[in-house]
Amino acid sequence: MTDDRGSSPIDPDSAYSDASIYVDAEVAPRVLGWLRDALGLDKEDGAELTVGPVRVYGEPNDYNTGRHAHPSDFLQWPTVLECEAPSGAPAEVVQAVTAVLEALWHGGFKAVAACGFEDELPARGGIDRYPRPARVSGASAASSGSWWRNLISRGKRKGGVL
């Protein structure tokens, strides 16, 4: 339930302050345009979208190698949607990121969210939709759930900090 004072600021160090959604699509502006239509958002938002308390903007993925990535290797998918929540309750942020993910999935896009709250998102942010192949060396399936966390830090990407 919200009060009449409006949304409160989110601590920039909060797990809910940002999320990255990796999308297996080549052109970020096209993905954003599709999302704008699918979610019925204001066409005057320009290069970014506002979904609840979350600002969403797209850019080429700095981790994309240009090679055809394994279907589960979302860190190399060509587009990343950066989601920033300067205010709002954690539940509102989860709801907004869920809306973006589900719209992408319903539109046939492969998308995975990398954030500090992916366990609160459907399909654990999408990682359950695109399981990482089991390692032959005997690694447990439980240890592969957040394998990507070893590759990038939350909130940091090549080229700067979110």
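The values are calculated or read from the model by the stated rules, or taken from the named source; none is laboratory data. The structure presented is a predicted model; accordingly, all values stated were derived computationally and were not measured. Here the Cβ positions follow ideal geometry from the backbone for every residue, glycine too, while neighbour counts run over all protein chains shown. Ligands, DNA and RNA are stripped out before the accessible areas are found, and what is left, the full protein with its side chains, is counted by its heavy atoms. Shrake-Rupley method; radii C 1.70, N 1.55, O 1.52, S 1.80 Å.
Coupling constants for the stretch 83-91 follow from the phi torsions by the Karplus curve (6.51 cos²θ - 1.76 cosθ + 1.60, θ = phi - 60°), and in residue order they are 10, 10, 10, x, 8, x, 7, x, 5 Hz; glycine and proline get x.
For Arg124, Arg30, Arg129, Arg36, the ranking by accessible surface with the largest value first comes to Arg30, Arg129, Arg124, Arg36, using a 1.4 Å probe. So if we plug the beta-carbon distance of Phe117 and Arg30 into 1/(1 + (r/R0)^6) with R0 = 30 Å, what FRET efficiency do we get, rounded to 0.05? That pair, Phe117 with Arg30, gives E of 0.65. Figure note: Tyr130, Tyr57 ranked by solvent-accessible area, largest first, 1.4 Å probe, ligands and nucleic acids not counted: Tyr57, Tyr130.
Near Ser87, the amide H atoms lying under 5 Å from its own belong to Ile10; only residues 5 or more places off or on other chains count, and H is placed 1.01 Å from N.
Phi angles of the stretch 11-26 translate, via the Karplus equation with coefficients 6.51, -1.76, 1.60 and θ = phi - 60°, into HN-Hα couplings of 4, x, 8, 5, 4, 9, 6, 7, 8, 10, 10, 7, 10, 7, 8, 6 Hz per residue; Gly and Pro are given as x.
Qualifying GluC sites (Glu not before Pro) in the stretch 19-58, where qualification requires a DSSP coil assignment and no more than 15 other C-beta atoms within 10 Å, comprise Glu26.
Scanning residues 5 or more positions from Thr79 or on other chains, those with amide H under 5 Å from its amide H are Val23, Ala25, Asn61, with H placed 1.01 Å from N in the peptide plane. Taking 0.36 nm per residue of separation and subtracting the Cα-Cα distance, full extension of the segment from Gln76 to Asp62 would add 4.2 nm.
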